[in-house]
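Undergrad: Could you have a look at this structure, given as structure tokens, before my questions?
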Amino acid sequence: MADVLLFHHVCGRTPGVVALADAWRAAGHTVHAPDLFDGRLFATIADGVAHVEEVGFDAIVARAVRSEEHTSELQSH
């Protein structure tokens with residue numbers, strides 16, 4: 001089975017993203033699906049893009065890198 005690091009789309013970690021992660025887990029995969037938006041969800045792509053611009057794309061990328069590093073640490077133990 002695979003180890004998967006699933007990043008959500010620009011609208012956030014929506015119920016659909018969570019359902020996808022859960023389906024892959026049910027199939028036997030290990031799935032990490034970090035929330036890069038700290039729980040915020042957006043109804044439109046434009047709203048999500050505005051959030052990324054407000055927070056800063058580099059900050060979102062840094063969160064993704066930290067989540068990958070954390071995931072790697074979990075797997076090595």
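Undergrad: Can you tell me which of Glu68, Glu73 is surrounded by 14 or more Cβ atoms within 10 Å (Cβ to Cβ), over 17 Å from His9 (Cβ atoms), modelled with pLDDT under 95 and of a type in the set (D, E, K, R)?
TA: Working: Glu73 fails: surrounded by 14 or more Cβ atoms within 10 Å (Cβ to Cβ).
That would be Glu68, the only listed residue that is surrounded by 14 or more Cβ atoms within 10 Å (Cβ to Cβ), over 17 Å from His9 (Cβ atoms), modelled with pLDDT under 95 and of a type in the set (D, E, K, R).
Undergrad: So which residues in segment 1-20 are among the hydrophobic types (A, V, I, L, M, F, W, C) and either open to solvent by less than 60 Å² (accessible area, probe 1.4 Å) or modelled with pLDDT of 95 or more (or both), if there are any at all? Before the answer, list the steps.
TA: First pass over segment 1-20, keeping only residues among the hydrophobic types (A, V, I, L, M, F, W, C): 1-2, 4-7, 10-11, 17-20.
Hits for segment 1-20 are Ala2, Val4, Leu5, Leu6, Phe7, Val10, Cys11, Val17, Val18, Ala19, Leu20.
Undergrad: Something else: What residue, of Ala43, Ala33, Ala62, Ala23, is small (Gly, Ala, Ser) and loosely packed, with under 11 Cβ neighbours inside 10 Å?
TA: Numbers: Ala33 fails: loosely packed, with under 11 Cβ neighbours inside 10 Å; Ala62 fails: loosely packed, with under 11 Cβ neighbours inside 10 Å; Ala23 fails: loosely packed, with under 11 Cβ neighbours inside 10 Å.
Of the residues listed, the single one that is small (Gly, Ala, Ser) and loosely packed, with under 11 Cβ neighbours inside 10 Å is Ala43.
Undergrad: If you don't mind, there's one more thing I want to ask. Under 15 Å from the mean Cα position of the chain (by Cα) and surrounded by fewer than 12 Cβ atoms within 10 Å (Cβ to Cβ): is that true of Val52 in this structure? Before you say what the answer is, go through the steps one by one.
TA: Details: under 15 Å from the mean Cα position of the chain (by Cα): yes; surrounded by fewer than 12 Cβ atoms within 10 Å (Cβ to Cβ): no.
So Val52 does not fit the description; no.
Undergrad: Tell me, please, whether a residue that is in contact (Cβ under 8 Å) with a residue 12 or more places away in the chain and over 15 Å from the mean Cα position of the chain (by Cα) can be found in segment 4-24.
TA: Residues of segment 4-24 in contact (Cβ under 8 Å) with a residue 12 or more places away in the chain: 4-14, 17-18, 20-21, 24.
Of the ones still in play, those that are also over 15 Å from the mean Cα position of the chain (by Cα) are none.
No, that holds for no residue.
Undergrad: Inside the chain, counting only helices (runs of 4 or more DSSP H) that do not spill past its ends, which hold 2 or more residues that are touching a Pro at 6+ places or on another chain (Cβ under 9 Å)?
TA: Working: elements: 15-26, 45-55, 57-76.
Answer list for the chain: 57-76.
The values are calculated or read from the model by the stated rules, or taken from the named source; none is laboratory data. Every value quoted in this text rests on a predicted model; they were computed, and no experiment measured them. Backbone-built Cβ (ideal geometry, glycine too); neighbour counts: all protein chains shown. What goes into the accessible areas is simple: the full protein's heavy atoms, side chains included, and nothing from ligands, DNA or RNA. Shrake-Rupley method; radii C 1.70, N 1.55, O 1.52, S 1.80 Å.
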